[in-house]
Amino acid sequence: MSVAPVGGRGTATPSVGDGPQAVLFDMDGTLVETEEYWGEAMFGLAASLGGRMSPEARAATVGTSMRRAMEVLHADLGVVRTETQLQADAGWIEDRVAELMAGSGIPWRPGARELLAAVRDAGTATALVTTTPRRLAALVLASIAADLGADPFHVTVCGDEVPARKPDPAPYLQAAASLGVDPAGCVVVEDSLVGVTAGLAAGMAVLGVPALQTLPPAPGLTLRETLAGIGLADLAEVLVAR
């Protein structure tokens, strides 16, 4: 288990004032438009296994671990795979997603670039908390850093670096501990139900911006249709409204 600081920035000093001490961002479907790549890869794997993944099953995999995604896909197809085959399927998915990222680029979600830049420029502590494995997250992180001209994250936590994955609160608690901030002073930005659940269970305020899933209302959750137009004042309001 490890938490890797990006670009050598290390532990951040929490910001002061009425805003959050730290903003913790999910990656796929929240900051970047990569969920379509995961979907294309899973539909491709389903076809190679002689079936067709349903839209409902695809939606159920959003934000989950690779193991859970493979379990959902296999159940949807009605196929039984050994542990070795499941691991091979997961590896195939990751390789295919990497190919799609390299070939098609990694576009931002609406408003995500502007919000992330604003948080960085304000000096607020930031973390990326993703279920995606490090080897794929590294591609996205490199793309983000190249676009913004610098690494915006003080800490990154990937799915293969935590004792438990979302919806468990462990990834968000791990990020907060590494940043040296109180979870109650953090705002999480998420698009998936498992991510929202993890952030709330960690005792953090959550800004939910659904992409492929419907997010039901919950205490501590503020829902918005998009990150476009969202700024630091809005994040402060999310914290106050918890």
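The values are calculated or read from the model by the stated rules, or taken from the named source; none is laboratory data. Keep in mind that what you see is a predicted model, and the values were worked out from it rather than measured. Every residue, glycine among them, receives a Cβ derived from its backbone with ideal geometry; neighbour counts consider all protein chains shown. We work out accessible area using only protein heavy atoms, side chains counted, and drop any ligands, DNA or RNA first. Shrake-Rupley method; radii C 1.70, N 1.55, O 1.52, S 1.80 Å.
With respect to Ser143, is the statement that it is surrounded by 24 or more Cβ atoms within 10 Å (Cβ to Cβ), of a type outside the set (Lys, Arg), closer than 21 Å to Leu227 by Cβ and in contact (Cβ under 8 Å) with a residue 24 or more places away in the chain true?
Working: surrounded by 24 or more Cβ atoms within 10 Å (Cβ to Cβ): no; of a type outside the set (Lys, Arg): yes; closer than 21 Å to Leu227 by Cβ: yes; in contact (Cβ under 8 Å) with a residue 24 or more places away in the chain: yes.
Taking the combined requirement at face value, the residue does not satisfy it.
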Q: Could you grab the pairs with beta carbons closer than 9 Å, sequence gap of 6+ or different chains, first residue in the stretch 180-198 and within 12 Å of Thr126 (Cα to Cα), second one charged (D, E, K, R) and assigned to a loop (DSSP other than H, G, I, E, B)?
A: Val187/Arg242; Val188/Asp26; Val189/Asp26
Q. Touching an Asp or Glu at 6+ places or on another chain (Cβ under 8 Å), crowded, with 24+ Cβ neighbours inside 10 Å and assigned to a helix (DSSP H, G or I): does that describe Ala176?
A. yes
Q: Evaluate the stretch 109-116: report whether one residue or more is assigned to a helix (DSSP H, G or I) and open to solvent by 20 Å² or more (accessible area, probe 1.4 Å).
A: yes
Q | Pairs, first under 13 Å from Thr132 (Cβ atoms) and in a helix (DSSP H, G or I) in the stretch 86-105, second open to solvent by 70 Å² or more (accessible area, probe 1.4 Å) and of a type outside the set (Lys, Arg), C-beta under 7 Å, six or more apart | A | Ala98/Leu139; Met101/Leu139
Q | Hey, Gly17 at pLDDT below 95 and closer than 27 Å to Gly111 by Cβ or not | A | yes
Q.
Can you find, within the stretch 208-217, the residue that is surrounded by the most Cβ atoms within 10 Å (Cβ to Cβ) among those that are more than 10 Å from Leu193 (Cβ to Cβ) and modelled with pLDDT of 95 or more?
A. Val209
